[in-house]
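Okay, structure first, notes after.
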Amino acid sequence: MSAQSNSFMPPLSPMLPRALFQSEHEDFRRSVRRFIEEEVTPHHARWEDQQHVDRDIWNKAGEMGLLCLTVPEEFGGIGADRRYSVVVLEEIMYAGASGLGWAVHSDIVAPYLINYGTQDQKQTWLPKLVSGEAVGAIAMTEPGTGSDLQAMKTTVVEDGDDYLLNGSKIFITNGYLSDLIIVAARLGDGPKGAKGISLFLVEADREGVEKAKPLKKVGMKAQDTCELYFNNVRIPKENVLGGPDYLGQGFVMLMKELAWERLIISVLSVAGAESALAHTLDYVRGRKAFGQAIAEFQNTRFKLAEMRSEIGIGQSYVDRSLELVLERKLSPEAAAAGKYWCSDMMNRVIDECVQLHGGYGWMWEYPVARAWADARVMRIFGGTNEIMKELIARSL
Ligand SMILES: Cc1cc2nc3c(=O)[nH]c(=O)nc-3n(C[C@H](O)[C@H](O)[C@H](O)COP(=O)(O)OP(=O)(O)OC[C@H]3O[C@@H](n4cnc5c(N)ncnc54)[C@H](O)[C@@H]3O)c2cc1C
């Protein structure tokens, strides 16, 4: 069998028409696809080995207008709506280009600045995030706590006009190449629990910021994920996201965009499953056993039908959720339900796709093997699926 390494497989046509996307989105989709084919896919295996993308891919993506699509024009962006972000996220998954940490940079970090940044903070950072001159990361999780964010230990203490930041953060996407890190920390002598948490804009080149080597991961190997240490990092008080008046508002800020952040994972999950199915369909049509194509066995046909149905149903939920996000009406529990169901579905589907590939499905050069390794974390990050179920149960 010939290896399918780096082969892009267009997704199947949607089960139900996707009414949210029009010709301008499809034009944009084509340009994203071409960019990934030309600038990303040829380098992806090398990036997996070095455990991070080349720094210049950020600048190239910025030049092509692929970063931070929702940033308003006055700050260097195009002020597009989130359908364009979804197109980029889907194309990344269709191409298996999981090294690109654009979701965090464009769709999480930039929106924090858009929603809460002072005029100065927006002017300083948004144009750089749009152009790729700066890479953005957000650091909440700590070695000792992830799900229970309120238990974080990273602290700031006042020191004249500045704060001194101390602590460490782990599993930080884009951390290794980051220029701007939004750090969640608590005020040393402030209230306990959620009220003590604030968000700080920390320039990665400040003295005392230390980046560890990218972590060796099971999947998404080309994406940089690292541990960050803050040792007496001096940060001016105006670096509180939103300005000094927003001190102690960090947790509220973190909660506000959670529905969108969880929808991002649902989008990635459905697109990832879609891509694995397309690869699998191609494979089982070509591979023969007992004198016939694997695709002709009834088991294969039923499995393909089940996967096609689950993906189609997931896609409808995702598209309806996106419609609600555009109206700013997606509830946290609906987003949590999508995140948990779609990421579980993606894992079920891709596991089945590996099975239908037989031994080849477990070989790294096959896209389905990479997709299988990449998929597992969707059930963990962005809030674990158990936490999603807690949130849904609480809403009953
Ligand atoms: C590749 C990757 C990228 C990431 N990127 C970032 C990033 O950019 N920024 C960032 O801040 N973080 C990031 N994270 C961290 C991620 O969000 C956390 O790993 C996740 O929130 C889980 O936290 P934890 O790992 O500490 O697990 P824990 O919270 O220790 O959970 C361990 C287990 O206990 C379960 N559990 C915990 N609490 C409960 C409960 N109340 N009820 C039932 N079960 C419970 C969990 O569901 C899980 O199964 C990333 C993680 C990975 C792996």
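Only the coordinates and a few stated rules stand behind these numbers; no lab work does. What you are looking at is a predicted structure, and each value in this text was computed from that prediction instead of being measured. Heads up, the Cβs are rebuilt from the backbone with ideal geometry, glycines too, and the neighbour counts pull from every protein chain shown.
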Backbone N within region 174-194 under 18 Å of label point (7 Å from residue 158 Cα along the Cβ vector): 185-192
Label-point separation, residue 147 to residue 19 (7 Å along Cα→Cβ), nm: 3.8 nm
Candidates 359, 250, 272: whichever shows maximal mean-square fluctuation once the chain is modelled as a Gaussian network with Cα springs under 10 Å: 359
Cross-link reach list, lysines versus residue 169, counting only Cα pairs under 17 Å and skipping chain neighbours closer than eight places: 153, 211, 213, 216, 217
Histogram of C-alpha separations across the chain, 10 Å bin width, %: 5, 23, 33, 25, 10, 3, 1, 0
Value of relative contact order over the chain, rounded to a whole percent, pairs C-alpha under 8 Å and six or more apart: 17 percent
Where N is the number of residues in region 137-249, Cα Rg divided by 2.2 N^0.38 Å: 1.02
Principal-axis tilt of helix 385-394 within the chain, Cα atoms, nearest 10 degrees: 70 degrees
Packing-based exposure ordering (other Cβ within 10 Å, fewest first) of 230, 251: 251, 230
By average C-beta atoms within 10 angstrom, highest first, the peptides 140-151, 214-225: 214-225, 140-151
Spatially proximal lysines relative to residue 288 (Cα-Cα < 30 Å; intrachain offsets below 8 disregarded): 303
Alpha-carbon radius of gyration plus Dmax, which is the widest Cα pair, for region 42-88 in Å: 13.3, 39
Whole-angstrom Cα spans of region 60-217 along principal axes, big to small: 45, 38, 28
Proximal lysines to residue 329, defined as alpha-carbon separation beneath 29 angstrom and excluding residues fewer than eight positions away on the same chain: 122, 195, 256, 339, 389
Low-density loop cleavage sites - chymotrypsin sites (Phe, Trp or Tyr not before Pro) in region 255-332, where at most 13 other Cβ are within 10 Å (DSSP): 290
Top of 16, 66, 126 by mean-square fluctuation, Gaussian network on the chain, Cα under 10 Å: 16
Residues in region 162-206 that a label on residue 256 would reach, taking backbone N under 15 Å of a point 7 Å out along Cα→Cβ: 198-201
As computed over region 23-134, the Cα convex hull volume per residue (Å³): 87 Å³
Kirkwood hydrodynamic radius of region 242-396, Cα pairs, Å: 16.9 Å
